[in-house]
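Here the structure comes first, spelled out in C-alpha cells, and everything after it is commentary.
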Amino acid sequence: MEKCIPVVVIKELSETDKILSALKNYGINTAEITFRTACAAEAIAYGCERYPDMNIGAGTVINAEQCEAALKAGAKFIVSPGLSVAVAKICNERGIPYYPGCVTPTEIMQALELGITTVKFFPANVYGGLKALKALSGPFPQVKFIPTSGVDRSNIDEFLAFDKVAAVGGSFFVKEALEKAAEQV
C-alpha cells in the first residue's frame, strides 16, 4: 500500500486525465475517487483503463449498490466513511481490500469480526488525531489506520512515523499535485 492516498473528487469526467496525470507526475500512483458525484463510476472506469499502473479505488462508498458499481468500474479497493457490513461482505467475497471508517472501539471490534485489520480513521481531526490512534492501538495492536481529514503538510510526518499508520488520506495531495503541474507549464 502506498503511504499517500489522495481523496479525489471528480465533478466532470473531463477532469480525470488532468488530476490522475498530475498525481502520477507528482509521484503518487494511488487515487481514491469518491462517490460524491454523478460521474464517479465513469471516472473510475476511465482511470482504470487509461492508467492501468495506478491503484485506483472508490471512496465515500456507503452501500452495497455503490460498491457493486465501483467494482464493476474496476475499483481496486473500497473506502467508506463508516463501516458497512454489506460492503464488507461484497469486498470479502471478491478479494477486494475494504477500508471502512472506524473511530470507536466498538466499530474497530466489528471490523475485526469481519476480518478487516486496516481501517480508515475519519475524520481524524475531530476524533482525536494521532493521540487517539495511539490510545486505540493499545487494545488493538493488530489494527492499522488510515487517518483522513485533518492530515496535512503540518502533521503528515508525525502520522507516518507512527507504525500503526498504514497510510494517510487527504484531498490536499490533489491540490499539491495540480499546483506542481501548473508550475511546470
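The values are calculated or read from the model by the stated rules, or taken from the named source; none is laboratory data. None of these values were measured; they are calculated from a predicted model. Neighbour counts run over all protein chains shown; Cβ positions are idealised from the backbone, glycine included. The area values use the complete protein model at the heavy-atom level, side chains included, leaving out ligands, DNA and RNA. Shrake-Rupley method; radii C 1.70, N 1.55, O 1.52, S 1.80 Å.
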Which residues, taken from the stretch 106-120, are more than 9 Å from residue 83 (Cα to Cα) and open to solvent by 30 Å² or more (accessible area, probe 1.4 Å)? 106, 109, 112, 113, 114, 115, 117
Any idea which residue in the stretch 10-35 is most open to solvent (accessible area, probe 1.4 Å), counting only those that are assigned to a loop (DSSP other than H, G, I, E, B) and either out of contact with any helix residue (DSSP H, G or I) (no Cβ under 8 Å at 6 or more places or on another chain) or of a type in the set (Lys, Arg) (or both)? 11
Residue by residue through the stretch 151-163, note down the ones that are within 22 Å of residue 98 (Cα to Cα) and surrounded by fewer than 20 Cβ atoms within 10 Å (Cβ to Cβ). 160, 162, 163
Residue 144 within 18 Å of residue 57 (Cβ to Cβ) and touching a Lys or Arg at 6+ places or on another chain (Cβ under 7 Å): yes
Filter the stretch 90-136 down to the residues that are in a helix (DSSP H, G or I), over 20 Å from residue 40 (Cβ atoms) and of a type in the set (Val, Ile, Thr) and list them by number. 106, 108
Residue 178 is checked against (1) under 18 Å from the mean Cα position of the chain (by Cα); (2) hydrophobic (A, V, I, L, M, F, W, C); (3) within 21 Å of residue 30 (Cα to Cα) and fails just one. What number does that condition carry? (1)
Among residues of the stretch 36-49, those that are assigned to a helix (DSSP H, G or I), more than 12 Å from residue 71 (Cβ to Cβ) and within 17 Å of the chain's Cα centre (by Cα), counted: 3
Scan the stretch 166-185 for residues that are over 12 Å from residue 5 (Cα atoms) and either of a type outside the set (Val, Ile, Thr) or open to solvent by less than 40 Å² (accessible area, probe 1.4 Å) (or both) and jot them down. 175, 176, 177, 178, 179, 180, 181, 182, 183, 184
Can you work out which of the residues in the stretch 36-58 that are in contact with a Gly (Cβ under 9 Å, 6 or more places away or on another chain) and within 15 Å of residue 169 (Cβ to Cβ) is least open to solvent (accessible area, probe 1.4 Å)? 56
Those residues that are out of contact with any Leu (no Cβ under 6 Å at 6 or more places or on another chain), of a type in the set (Gly, Ala, Ser) and within 14 Å of residue 113 (Cα to Cα), I need them from the stretch 63-101; list them, please. 84, 86
Single residue of 61, 87 found to be assigned to a loop (DSSP other than H, G, I, E, B), at pLDDT 95 or above, open to solvent by less than 30 Å² (accessible area, probe 1.4 Å) and under 30 Å from residue 131 (Cβ atoms): 61
For the stretch 158-175: of the residues being part of a strand (DSSP E or B) and of a type in the set (A, V, I, L, M), which is farthest from residue 117 (Cα to Cα)? 168
Whether any residue in the stretch 142-149 is part of a helix (DSSP H, G or I), of a type in the set (Phe, Trp, Tyr) and under 21 Å from residue 6 (Cα atoms) is what I want to check. no
Does residue 67 fit the bill of being over 30 Å from residue 128 (Cα atoms), assigned to a helix (DSSP H, G or I) and at pLDDT 95 or above? no
